[in-house]
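The structure under discussion appears below in the form of structure tokens.
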Amino acid sequence: MAPMQMIAVNKALRATMTKDDFDRADLSAQRDRVLESVRTLIIGATPESGSTSQLPDLGVTPAVRHDGHFFIYPSRLSAHVRAMIDTGMAQFLAIEDEAKAQNIWARKRIKFSAEITEIYRQNDQFSVISDIFVSQHGPTMNLIRDFTDFHMLKLLPVSGVMVLGFAKAYQLEGLMLDIAAYLRES
């Protein structure tokens, strides 16, 4: 089926669907596959209200998952990281690799808002997560592990949206980004 026909069919189906018309277990598995497939997260953080700019600062950082949570280890020297630490909130985007996407226009992705909690160096979890960074992203973590401008941050999702293709968008809620609703309109 041609992409335009697929869009029309999906739109027609979506117009008649209710929240009970989708398989939460299957969607949860697809959500987990998207989250497990990413090695980096795109960050959007808006500076505090006293800032000269009200536009979000953007960045990207390696990420790891442990016990169902994302952890990042970014440098406070970046404006988006300062904004994220100062406000305790940010938005994140986990997006399918371009090279693996069936259609560049319909890459699978999850956008979510999250509260930020810092894992301090003296916390035992800091070492555990640092070792996971080394195993998943290589020895650079050993080099930057003691740099004081870097902060280990745990992301605590609040809500989000998962897009699995044309007319396949779902509202996510809570710490585990549970499937909450099928989105019928943008």
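What follows draws every value from the coordinates through simple rules; no lab data is involved. Model, not experiment: these values are computed from the prediction. Using ideal geometry, Cβ is built from the backbone for each residue, glycine included, and neighbour counts are taken over all protein chains shown.
Just a few scattered comments:
- Nearest-20 debye value, the chain charge dipole, Cβ charges on Lys, Arg, Asp, Glu: 540 debye
- Across the chain, Cα-Cα pairs farther apart than 21 Å form 55% of the total.
- Farthest towards the positive end of the charge dipole of the chain, among the residues 84, 55, 155, is the Cα of 55, using unit charges on the Cβ of Lys, Arg, Asp and Glu.
- Distance between modelled label sites at residue 124 and residue 67, nm, 7 Å Cα→Cβ extension: 1.0 nm
- For segment 97-119 and segment 152-186, distance of Cα centres in Å: 11 Å
- Candidate membrane-span-like segments in the chain, meaning DSSP H helices with Cα atoms spread over at least 15 Å of their own axis and a Kyte-Doolittle mean of -1.0 or above, are 3-16, 24-37, 124-137, with no membrane implied.
- For segment 20-90, convex hull of alpha carbons as volume per residue, Å³: 124 Å³
- For segment 66-186, lysine pairs with C-alpha atoms less than 17 angstrom apart, excluding pairs fewer than eight positions apart on the same chain, total 4.
- Pair-distance distribution P(r) for segment 120-186, from all Cα-Cα distances in 5 Å bins starting at 0: 4, 15, 17, 14, 9, 12, 13, 10, 6, 1 percent.
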